[in-house]
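Values quoted throughout were computed directly from the atomic coordinates according to the rules given, and no laboratory measurement underlies them. Remember, it's a predicted structure, so these values are computed and weren't measured experimentally. In this analysis, Cβ positions are derived from the backbone assuming ideal geometry, glycine residues included, and neighbour counts consider all displayed protein chains.
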Amino acid sequence: MPPRPLCPARFRPATRRVRLGGPIAPIALIIVLSACGGTPPEETQTATPGETGPVTGDITVFGAASLTDSFTELGEGFEEAHPGTSVRFSFAGSSSLAQQILSGAPADVFASASPATMALVAEGGRTEGDPVAFVTNRLQIAVPVGNPGRVTSLEDFTDQDRTIALCAAEVPCGAASARAFEAARLTPAPDTYEEDVRAALTKVRLDEVDAALVYQTDVLVAGTQVEGIDFAESAAAVNDYPIAVLREAPNPAGGQAFLDFVLSPDGQAVLGAAGFGSP
Amino acid sequence: MQTPADGRGTGIPPILLLPAGLGLAFLLLPLVGLLVRTPWSELGTLLSRPAVLEALRLSLVTATAATAICLVLGVPLAWVLARATVPGVRLVRALLTLPLVLPPVVGGVALLLLLGRRGLIGQHLYDWFGLSLPFTSTAVVLSQAFVAMPFLVIAVEGALRGADRRFEDAAATLGAGRWLIFRRVTLPLVAPGISAGAVLCFARALGEFGATITFAGNFPGVTRTMPLSVYLALETDPQAAIVLALVLLLVSVLILLALRGRWLNGVGS
């Protein structure tokens, strides 16, 4: 087999100029980059001065679905700061990721959308050190453009005639939604319990539901395709996102460096711009 | 297993034994893994949960309805593909395999874009009749039929191509009309193919997940079928998920065994 014909020497620097055009581009980029995992660093780029220890190789990060866009951007920043590294992401519902990790998935870092899910992993003895909260997220009502169902508050979620999507109680955004409805003393009448927050958002984007409860950050990601409505009870359902390096990580040093990068001012700036709050 | 009387032993060429055995092991060992990890003590309590029975009932009803739709639409389609001499049939046959290649989740999105509230056809259904298909049990049936029908069509088409057309010709020379020939000659000839296709179709419908959760959503009693229950249980309680998966497996094996025995015996004689 010829050595890496798909990864010419100038491939990686060139791709870094690609901006976040849409949700697919960065993912495709990550896939391509991870295929070039072992590529030695060609040009020394803007390595941040003061970084301790050389970090190299593939770093595998399991991230909650709601982190998809901001972590993809963070990954690019990290690779720029640490030439020779390649950050690979697996984004899914936090609970699925937790089960995969508990079943021995070879990940270095886990960033969960809920402390409860992280606790599962910690109880299973798969975290190295204590998980730290790195951002918070709050819920927002997402409605299709023009708000066809004329949804204004959580109370409209109890209306049988409106088509409503909520996250399933088994996933973090569903648990947060339950807390919000509890705080509002309302019983929602949803038509579907979506398997993760992005699935709920998709239903709004496609205009198939009148409203869904999703994270504020997801509303931002969807841009002009959905409208977000704040509601008072969201304060009762603020989610902490914990992050931890995993025990038996294939690349513990790389995992720690990525975690540090997420907690660094640069990392927090990216997450803040995506709509996350500070813990 | 009884040895055939003609002295050919098991009739299996030894050189086929190894790959055949490996194939069998590859297909069955994961199920053994499932069985080994099954918390048998929880089986009773889980099975008595109303939510589980509800999901099981919904799965059986929708998969049966989907199979019925596939039979009614799929058998004629297979006939056309196998017998029609119009140009473009080969292209149609190739297009027909697309739902097989399509990831079911994408199939679900495609169904939403066609039949959803803002879909190509769905918007008219909604505007004119106030009809909205997503998040209904009908949507579950449609998702299942969408992914399962190609299996039936391909099986039946294969049977039709393999059937001896001289029987049909003979019936025609005896004065039978086309419809009579189709009913009394062609259908009985390809009945084993139809039953095999229907069984495949039913099995695929019963296990359908991706298109269902995307197009029909997930609501207990309405759209939450067994595979969706298994998936959600996996999020928090893998033990329960294993038991649920096992229940689905047992029920489908029982049904398939019962159906096969009945149809094939009835047809073969």
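Please give the length that would be gained between A:D159 and A:A235 if that part of the chain were fully extended, namely 0.36 nm times their separation in residues minus their C-alpha to C-alpha distance (nm, one decimal).
25.1 nm
Only Cα pairs under 8 Å and at least 6 apart count here; give the relative contact order of segment A:139-237 as a rounded whole percent.
After rounding, I find 46 percent.
Mind listing the long-range amide H neighbours of A:C167? Cut-off is under 5 Å, sequence gap 5 or more, other chains count too, H placed in the peptide plane at 1.01 Å from N.
Excluding prolines and chain starts, which carry no amide H, the hits are A:E194, A:L213.
Once you put a point 7 Å from the Cα of A:D266 and another 7 Å from the Cα of B:T85, both along the Cβ direction, what distance in nm separates them?
7.3
What does the charge dipole of the protein assembly as shown about its Cα centre add up to, to the nearest 20 debye, if the Cβ of each Lys and Arg holds +1 and the Cβ of each Asp and Glu holds -1?
2740
Ranked highest first by average number of other Cβ atoms within 10 Å, how do A:218-228, B:172-182 line up?
By packing density, highest mean first, the sequence is A:218-228, B:172-182.
So what are the ³J(HN,Hα) numbers for segment A:229-237, from phi and the Karplus equation (6.51, -1.76, 1.60; θ = phi - 60°), rounded to whole Hz, Gly and Pro as x?
These are the phi-based 3J(HN,Hα) values: 10, 6, 9, 4, 6, 5, 4, 7, 10 Hz.
Rounded to the nearest 500, what is chain B's calculated 222 nm mean residue ellipticity when only DSSP H runs of at least 4 contribute -39500 (n - 2.57) each, over all residues?
For chain B, the value works out to -24000 deg cm²/dmol.
What is the log10 of I(q)/I(0) for segment B:47-268, computed with the Debye formula using one identical point scatterer on each Cα and no solvent, at q = 0.14, 0.15 Å⁻¹?
-0.93, -1.02
For segment B:21-131, max minus min Cα coordinate along each principal axis, in Å, sorted largest first?
Between the extreme Cα coordinates on each principal axis of segment B:21-131 lie 57, 48, 24 Å.
Tell me the relative contact order for segment A:92-190 as a rounded percent, counting alpha carbon contacts under 8 Å between residues six or more apart.
The normalised contact order for segment A:92-190 reaches 27 percent.
Under DSSP H, which helices of chain B have Cα atoms covering 15 Å or more of the helix axis and a Kyte-Doolittle average no less than -1.0?
Helices passing the filter in chain B: B:14-36, B:50-83, B:104-115, B:137-162, B:187-206, B:226-236, B:238-268.
Report D for segment A:139-237 in µm² per second (integer): Stokes-Einstein, Kirkwood Rh on Cα pairs, 20 °C, 1.002 mPa s.
Answer from the Stokes-Einstein relation: 169 µm²/s.
I'd like the distance between the alpha-carbon centres of segment A:74-118 and segment A:170-210, rounded to an integer number of Å.
Taking the Cα centre of segment A:170-210 as reference, the centre of segment A:74-118 is 24 Å away.
Report, for the protein assembly as shown, the % of DSSP beta bridges that are antiparallel, rounded to 5.
Restricted to the protein assembly as shown, the bridges split so that about 55 percent are antiparallel.
Given labels modelled 7 Å from the Cα in the Cβ direction, how far is it in nm from B:A25 to B:S48?
Using points 7 Å along Cα→Cβ, the separation is 4.1 nm.
Using only Cα atoms, what is the ratio of the radius of gyration of segment B:108-156 to 2.2 N^0.38 Å?
Against the empirical 2.2 N^0.38 Å value, I get 1.27 for segment B:108-156.
Figure the gain on full extension for B:W40 and B:A94 (residue separation times 0.36 nm, minus the Cα-Cα span) and round it to one decimal in nm.
Extending this stretch completely gives an extra 14.9 nm.
Any idea what Rg and Dmax come out to for the protein assembly as shown if you just take the C-alpha atoms, in Å?
Computed over the Cα atoms of the protein assembly as shown, radius of gyration and Dmax are 27.4, 95 Å.
Please give me the summed charge of the neighbours of A:S66: other residues whose Cβ is under 11 Å from its Cβ, Lys and Arg +1, Asp and Glu -1.
Summing Lys/Arg as +1 and Asp/Glu as -1 gives -2.
What FRET efficiency would be calculated for the residue pair B:A170, A:R247, taking the C-beta separation as r and a Förster radius of 60 Å, to the nearest 0.05?
It comes out at approximately 0.20.
Given an 8 Å cut-off on Cα distances and at least 6 residues of separation, report the relative contact order of segment A:137-189 as a percent.
37
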